[in-house]
Amino acid sequence: MSVTLSEQDILKEKTEYTGVHPQKFALWIAMASMTMFFAALTSALLVKKGDYRSWENFRLPTVFLFSTITVISLSVCIHAALISYRKAKFVQFRWLMFFSFLLGCLFLALQLTGWNVMVHGGMTLTENLSGSFLYVITAAHGVHIIAGLVVMLVFLIHAVRNRKDPIYELRDIINPKRQLNLELLVSYWHYVDAVWVYLYVFFWLNYR
């Protein structure tokens, strides 16, 4: 059966490309959900802080400042990796991805160090509500960091394995699918890094 012109127009209208890749749109939805999650946690902290009988202020460990600098450096490094890939500078791209992964691991190590400082200062997970909030929020963010590191490691392994790909890398041609996946990964890291910068400023203002 032949398709009439009107049916073709209807089909085109239903499948018209909006300019946003479906995977990117799905990532945006996930980011919106994560934003609501962290907004709920920080809002709950502000509410509980108003109860002076159960809230004990303490000084935010300085190591969290270093983890903030680390996570900003990670964003710069992984964005530079994306730019290098777009320019088909694959060797530079792989090294920048490797350094980005190391910075992510360093960030986690610094967060654990911050927890250790708090424990030695007498602020354990169950010692006081103010400390509990800090542990829970940083742990929730740490889970997102770990997820990003796992994906980054998989991406890095594939990048190393495909360094002699005759179709793309040996001809200095960009793989469109890999570029899309890299853009998604970079967007995710920019988001979780921005969330931590927000959390650090929030903690600094509320733990003094």
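Numbers for the structure displayed
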{"read-out": "Criterion (within 15 Å of the chain's Cα centre (by Cα), assigned to a helix (DSSP H, G or I), more than 30 Å from Trp55 (Cα to Cα) and hydrophobic (A, V, I, L, M, F, W, C)) met by exactly one of Leu153, Leu108", "value": "Leu153"}
{"read-out": "Yes/no for Gly142 being touching a Phe, Trp or Tyr at 6+ places or on another chain (Cβ under 7 Å), assigned to a helix (DSSP H, G or I), free of Cβ contacts under 8 Å to residues at least 60 places away in the same chain and of a type outside the set (S, T, N, Q)", "value": "no"}
{"read-out": "Residues being among the hydroxyl-bearing types (Ser, Thr, Tyr) and modelled with pLDDT under 80 - total across segment 156-208", "value": "1"}
{"read-out": "Residue selected from segment 111-134 under the condition β-branched (Val, Ile, Thr) and over 25 Å from the mean Cα position of the chain (by Cα), by the criterion nearest to Ile72 (Cα to Cα)", "value": "Val119"}
{"read-out": "Any hit, segment 121-139, residues being in contact (Cβ under 8 Å) with a residue 12 or more places away in the chain, closer than 17 Å to Trp95 by Cα and surrounded by 13 or more Cβ atoms within 10 Å (Cβ to Cβ)", "value": "no"}
{"read-out": "Answer residue from segment 171-195, given it is of a type in the set (Lys, Arg) and under 18 Å from Lys24 (Cα atoms) and is nearest to the chain's Cα centre (by Cα) among those", "value": "Arg178"}
{"read-out": "The listed residue being touching a His at 6+ places or on another chain (Cβ under 6 Å) and either part of a helix (DSSP H, G or I) or acidic (Asp, Glu) (or both), out of Ser84, Ser67, Ser100, Ser75", "value": "Ser75"}
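The values are calculated or read from the model by the stated rules, or taken from the named source; none is laboratory data. All values derive from a computational prediction rather than experimental measurement. Glycine gets a Cβ as well: all are built from the backbone with ideal geometry, and neighbour counts include every protein chain shown.
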